[in-house]
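Enquirer: Handing you a structure now.
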Amino acid sequence: MRYMDILLCCLLVRVAGAQELPPLGDLYAAIDSFYAAEVHADLLEFREDRKGEWLKYVPDVGLTYTVAGDPRPSVGFNTGILYQAKRDRHRNAARRRSIEEKGALQAARARGRVAKLYADFLLRREQLAARRELLAIDEQLFRMEEDRYRQEEISPGDFLNAKREWLVKQQGMDDLEMELELLRQEILVESFRIGR
């Protein structure tokens, strides 16, 4: 999923904190599950059909001619076939191990990215809570300015400046909420839990 899709999703959701993140352990489990499924799919290529495997080891039976031109039966066995079969088994086992190890490394890398994003999310959520408290105070101050304006204690210009400051602070809070929601969506995407 691209970041523009995430942004569109966030615009539809719009309310940060409407949904919390699952616990970090659940996100790790989703990552491990995804990479395990990917490894399983990659290993399907190496699923061997052992049916008829013994036919490789059957000696070649044929007919040869002697120097005098008389036919005689012959049996031949190529030891290179044994060596090739053993080498193929080792090569396939090494490829399977490589796929499994790469899957484990990718899962570990993804868990690290999600852990970093998760910590960032928790810090930003705390900052947002503190900013909400400040915004509540700013709202009270603006309401006081509104009352002073209604009582004609301040000029319209001073009131407009106070209103502008209040609207800018509200917009700043909306921006922080949107950033937090974007971060939440990014965490869900990185842990393959989008849409859950």
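Enquirer: For LEU44, indicate whether it is in a helix (DSSP H, G or I), at pLDDT 80 or above and surrounded by 12 or more Cβ atoms within 10 Å (Cβ to Cβ).
Expert: no
Enquirer: Which count do you get for residues in region 63-89 that are at pLDDT 80 or above and loosely packed, with under 10 Cβ neighbours inside 10 Å?
Expert: Within region 63-89, residues that are at pLDDT 80 or above and loosely packed, with under 10 Cβ neighbours inside 10 Å number 8.
Enquirer: Another question about this same structure. I'd like to verify a number: residues in region 155-190 that are more than 21 Å from GLN127 (Cα to Cα), surrounded by 16 or more Cβ atoms within 10 Å (Cβ to Cβ) and more than 27 Å from the chain's Cα centre (by Cα), how many?
Expert: Final tally of qualifying residues: 2.
Enquirer: Does LEU128 fit the bill of being out of contact with any strand residue (DSSP E or B) (no Cβ under 7 Å at 6 or more places or on another chain), closer than 26 Å to LEU180 by Cα, among the aliphatic types (A, V, I, L, M) and assigned to a helix (DSSP H, G or I)? Talk me through it step by step, then tell me what you get.
Expert: Values: out of contact with any strand residue (DSSP E or B) (no Cβ under 7 Å at 6 or more places or on another chain): yes; closer than 26 Å to LEU180 by Cα: yes; among the aliphatic types (A, V, I, L, M): yes; assigned to a helix (DSSP H, G or I): yes.
So LEU128 fits the description; yes.
The values are calculated or read from the model by the stated rules, or taken from the named source; none is laboratory data. The model shown is predicted, which means the values in this text are computed figures rather than measured ones. When we count neighbours, we look across all protein chains shown, and the Cβ atoms used for this are built from the backbone with ideal geometry, even at glycine.
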